[in-house]
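This report refers to the structure that appears directly beneath it.
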Amino acid sequence: MNLTRTISNSGHAPGFLYAGFNQDYGCFSTGLDKGFRVYNCDPLIEQARVESADGGFGIVEMLYRTNYLALVGGGRNPRYPPNKVIIHDSIKGKPVLELEYKSNVRSIKLRRDRLAVVLSNKVFVYQFSVEPRLLYTFETCDNDRGLAAISSEPNHGVLVIPGRQRGHLQIVDLDSLGYQWPSTTTAPGSNNEINVNVSIIAAHSGRLSCVALNRDGTKCATASDKGTLIRVFNTMTGSLLNELRRGMDRAEIYSLAFNHDSTRLCVSSDKGTIHVFNLDPSVVVDHHTPKRGPTYGEIVVYPASLSAKEHGLTDSGNRGSSLSFMKDLLPKYFSSEWSFAHAKIVTESRCIVAFGEERNTIIAICADGSWYKFCFDPRKGGECTRESFERFLKNED
């Protein structure tokens, strides 16, 4: 959640520039106009604080819970130029690596063996080490949002970035970027060195607004700038696995996140509602629960003799329309899969979400400096219960 590229909102905490989860969603980092901080997600505990009167940080990307952070300057008075990536060692308390580019850095994605730096029209992928080596440079369509996602599973490296055409995705097999040394006539990092395995998915007709990967990189979730449909793809085959409806009206999707075993997906948007979708039939505990239709809270009792689909449940256990059996005759809306559970954020500010370490919980980090923990019923779904609320950024901070 990069707040340096958004219109100022009176609900945003003063000096709050950036928030992002680490790779396993156990921690989150914040960039401020006078330093940065790192927090444990649940329970909410501040774990590190660096004060800097010299300027602000627009990106603070963690590498799990290690001592390495990737930093980019931001705000009205950037600590570092916004076209530089600084790898900061929190044990040594100083930068250990610096990478410079011709244009501003939009985002950074890390895993233990790879570093991806995202610019507006290019993505640079490095072997992540004390002396990083540029492995490949990818071209993308305009990507001022810095959209990218990288798998965290150590045995399977996958990177997803926008394609060269609007609405397209590039699925990059990072394991195919071997440690090949260039010949004396080839410049380091040249794309002529390596035959990289890349596949293209035409995900949406409009511009992409959000992307996410599961842990092992086998599933990718996408949203477009329209924000009504979320699509989940198999990254190995490019096939569409799920098409999920957030709503009918246009919305800006702020974040997408898979749970640990990739059976659920949570979504946050500017509508102030967090949606939880089921992706796998195995999470459907009871096919004989009452129908849950598109209207939140609607409970309609049908005769017990009806089948699960006639109850309005989809195969994945999400809510569906009672008229879905007529999907071949009615508009696509009536065959949509609606969220299984939902939670409401009492704020107009931006918000990123992820599943908590405790089962059936959601953690939300908001631009007004607030932290939420919600619980949902894995069997009934519906409205989530707000279990905890705190402010990690206060006015006196």
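Computed from label points 7 Å out along Cα-Cβ, the spacing between LYS102 and GLN47 is 3.8 nm.
Specify whether the C-alpha gyration tensor of segment 74-144 places it in the rounded, prolate or oblate class, a ≥ b ≥ c being the square roots of the eigenvalues: rounded for a/c under 1.5, otherwise prolate if a/b is larger than b/c and oblate if not. In terms of gyration-tensor shape, oblate. Residue by residue, segment 97-107 carries 3J(HN,Hα) couplings of 7, 9, 10, 10, 10, 7, 9, 5, 7, 8, 6 Hz when phi is fed to the Karplus relation 6.51 cos²θ - 1.76 cosθ + 1.60 (θ = phi - 60°); x denotes Gly or Pro. Taking 0.36 nm per residue of separation and subtracting the current Cα-Cα distance, fully stretching the chain between ARG359 and SER205 would add 51.9 nm. Would you mind classifying segment 1-118 by shape? Square roots of the alpha carbon gyration tensor eigenvalues, ordered a ≥ b ≥ c; an a/c under 1.5 is rounded, otherwise it is prolate if a/b is larger than b/c and oblate if not. The shape class here is rounded. Once all protein chains are placed together, GLU98 keeps about 100 Å² accessible to a 1.4 angstrom probe. Around the amide H of ALA13, modelled in the peptide plane, lie the amide H atoms of ASP368, GLY369, all under 5 Å away and 5 or more residues distant in sequence or on another chain. Paramagnetic label reach from VAL130 (point 7 Å along Cα→Cβ; backbone nitrogen cut-off under 20 Å): within segment 61-80, residues 63, 66-70. With both labels modelled 7 Å from their Cα along Cα-to-Cβ, the ASP54 to ASP142 distance reads 3.5 nm. Dipole orientation for segment 26-93: of the candidates ILE91, TYR80, PHE28, TYR80 has the Cα lying most toward the positive pole (charges on Cβ; Lys, Arg +1; Asp, Glu -1). Rounded to the nearest whole Hz, the Karplus-based 3J(HN,Hα) values (6.51 cos²θ - 1.76 cosθ + 1.60, θ = phi - 60°) of segment 74-88 follow the sequence x, x, 5, 10, x, 5, 10, x, x, 9, 10, 9, 10, 8, 9, with x at glycine and proline. Taking a ≥ b ≥ c as the square roots of the eigenvalues of the Cα gyration tensor, segment 206-266 is prolate, since a/c reaches 1.5 or more and a/b is larger than b/c.
Return one whole number: the accessible area per residue of segment 352-397 in Å², for a 1.4 Å probe.
Per-residue accessible area for segment 352-397 comes out at 49 Å².
Which pairs, out of LYS94/LYS373; LYS94/LYS394; LYS102/LYS271; LYS34/LYS373, put more than 30 Å between their alpha-carbon atoms? Mind showing how you got there, number by number?
Numbers: LYS94/LYS373 34 Å; LYS94/LYS394 27 Å; LYS102/LYS271 36 Å; LYS34/LYS373 27 Å.
Pairs exceeding 30 Å: LYS94/LYS373; LYS102/LYS271.
Here's how it looks for VAL158: its modeled amide H is under 5 Å from those of SER151, LEU174, which are all 5 or more places away or on a different chain. Taking Cα centroids, how far is segment 336-369 from segment 48-100 in Å? Going from one Cα centre to the other spans 27 Å.
Using the Cβ-Cβ distance between THR385 and ARG65 with R0 set to 35 Å, the FRET efficiency from 1/(1 + (r/R0)^6) comes to roughly 0.75.
The values are calculated or read from the model by the stated rules, or taken from the named source; none is laboratory data. What you see is a predicted model, and the numbers here were worked out from it, not measured in a lab. Counting neighbours? That spans all protein chains shown, and the Cβs are built from the backbone with ideal geometry, glycine included. Quick note on the areas: whole protein, heavy atoms, side chains included, nothing else; ligands and nucleic acids left out. Shrake-Rupley method; radii C 1.70, N 1.55, O 1.52, S 1.80 Å.
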